[in-house]
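Undergrad: Right, I'll just put the structure down here and ask away after.
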Amino acid sequence: MSTGELIIDDLRAGIPGQEILRGVSLTVRSGEVHAVMGPNGSGKSTLAHVLMGRPGYEVLGGSVSLDGIDLLSLPTWQRARAGLFLGMQHPIEVPGVSLVASLSAARAPAAPVGPGAGAERPDIGARMEEEADRIGFDRKMLRRALNVDLSGGERKRNETLQLGVLRPRFAVLDEIDSGLDVDALEAVARRVEAATTEWGMGVLAITHFHRLLDVLHPDVVHVLSAGKVVATGGDELAEIVDRTGYAAYR
Ligand SMILES: Nc1ncnc2c1ncn2[C@@H]1O[C@H](COP(=O)(O)OP(=O)(O)OP(=O)(O)O)[C@@H](O)[C@H]1O
Ligand SMILES: [Mg+2]
């Protein structure tokens with residue numbers, strides 16, 4: 001079980017000529033689930049991309065550290081090696097590269113491995129099949145090119161499977177619930193929640209819907225509006241958003 005913190009402190013970032021994140025601060029500890037809600041265009045995915053170091057975004061100020069490591073100075077692959085995982089809102093298609101190949105590369109000797117993955121290295125294929133079964137993901141998908149022609153819900157299960165195999169210290173999940181049918185939502189949420197106790201994974205779950213939080217049980221809920229965290233609280237915040245929308249936070 002790892003202990004640690006993902007600390008986002010006064011993060012300001014955007015694209016050239018436009019500041020999108022205007023001072024975001026929040027801290028996720030190992031084993032905690034934090035939800036981030038917020039209107040369309042409030043900067044939730046930008047936060048996810050900036051944390052992972054996606055090209056095209058620039059950091060204008062603030063800091064991000066993971067277990068004391070300054071993430072913002074690292075290229076994306078080293079952020080992953082430090083233990084950060086991103087489940088993308090719109091997972092990209094990678095023709096010609098299978099999920100097996102991509103995860104084998106990610107877990108190659110010099111690659112990122114989460115806590116608990118260090119000592120023994122179970123066969124990657126077996127591990128993937130186990131994770132696929134856990135979330136009701138057809139094993140046939142494992143041999144297919146990454147996300148190519150996968151349905152929306154299959155892509156999200158694909159992201160969840162990667163998380164289960166890579167065992168990151170912290171996972172940023174950008175609308176992991178979008179496109180999932182009710183059974184898949186249950187299975188995915190259960191898998192993510194189990195990871196918080198299995199190896200102490202911390203979660204930053206971006207979502208629009210309370211139904212994810214019903215199954216994921218967040219410790220903390222944040223509301224992001226116009227690039228700032230404007231409210232932090234418990235599950236009651238998500239209920240307020242569900243009932244009355246974001247009017248109170250704009
Ligand atoms: N690479 C980019 N180029 C141009 N504009 C961008 C880029 N990335 C983000 N933006 C703009 O920044 C704002 C925030 O976008 P972002 O995707 O972070 O919102 P979001 O909170 O994730 O919204 P949603 O709930 O719809 O997913 C939007 O107005 C978006 O158009
Ligand atoms: Mg988004």
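The values are calculated or read from the model by the stated rules, or taken from the named source; none is laboratory data. Since we're looking at a predicted model, the values are computed, not measured. As a convention, Cβ positions derive from the backbone with ideal geometry for all residues, glycine included, and neighbour counts pool all protein chains shown.
Undergrad: Here are 247, 231: which of them is over 18 Å from the mean Cα position of the chain (by Cα) and either among the polar types (S, T, N, Q) or modelled with pLDDT under 95 (or both)?
TA: Selected residue: 247, the only one of 247, 231 that is over 18 Å from the mean Cα position of the chain (by Cα) and either among the polar types (S, T, N, Q) or modelled with pLDDT under 95 (or both).
Undergrad: Another question, then. Any residue in the range 235-247 that's surrounded by 13 or more Cβ atoms within 10 Å (Cβ to Cβ): show its pairings with residues that are in a loop (DSSP other than H, G, I, E, B) at Cβ separation under 7 Å, as long as the two are six or more apart or on different chains.
TA: Qualifying pairs under 7 Å: 235/218; 246/39.
Undergrad: Just the residues that are touching a Ser or Thr at 6+ places or on another chain (Cβ under 9 Å) and surrounded by fewer than 19 Cβ atoms within 10 Å (Cβ to Cβ), please, taken from the range 192-207.
TA: Of everything in the range 192-207, just one residue is touching a Ser or Thr at 6+ places or on another chain (Cβ under 9 Å) and surrounded by fewer than 19 Cβ atoms within 10 Å (Cβ to Cβ), namely 199.
Undergrad: Oh, and also: Among the residues of the range 50-74 satisfying the criterion of being assigned to a helix (DSSP H, G or I) and surrounded by 20 or more Cβ atoms within 10 Å (Cβ to Cβ), which is farthest from ligand 2 (Cβ to nearest atom)?
TA: 71
Undergrad: So residue 38 passes all but one of these: (1) in contact with a helix residue (DSSP H, G or I) (Cβ under 6 Å, 6 or more places away or on another chain); (2) surrounded by fewer than 16 Cβ atoms within 10 Å (Cβ to Cβ). Which condition number does it fail?
TA: (2)
Undergrad: Which pairs turn up if I take residues in the range 157-184 that are among the acidic types (Asp, Glu) and look for partners that are in a helix (DSSP H, G or I) and surrounded by 21 or more Cβ atoms within 10 Å (Cβ to Cβ) with beta carbon separation below 8 Å, at least 6 apart in sequence or on another chain?
TA: Listed pairs, sorted by first residue: 174/44; 174/48; 177/156; 177/185; 177/188; 177/189; 177/212.
Undergrad: Restricting attention to the range 12-35, which residues are within 13 Å of ligand 1 (Cβ to nearest atom) and either surrounded by 16 or more Cβ atoms within 10 Å (Cβ to Cβ) or of a type outside the set (D, E, K, R) (or both)?
TA: 13, 14, 15, 16, 17, 18, 20, 21, 22, 24
Undergrad: Among the residues of the range 226-248, write down those that are hydrophobic (A, V, I, L, M, F, W, C) and within 23 Å of residue 27 (Cβ to Cβ).
TA: 226, 229, 230, 231, 237, 238, 240, 241
Undergrad: Every residue in the range 201-236 that is among the aliphatic types (A, V, I, L, M) and touching a His at 6+ places or on another chain (Cβ under 8 Å), please.
TA: Result: 203, 204, 205, 220, 221, 229, 231.
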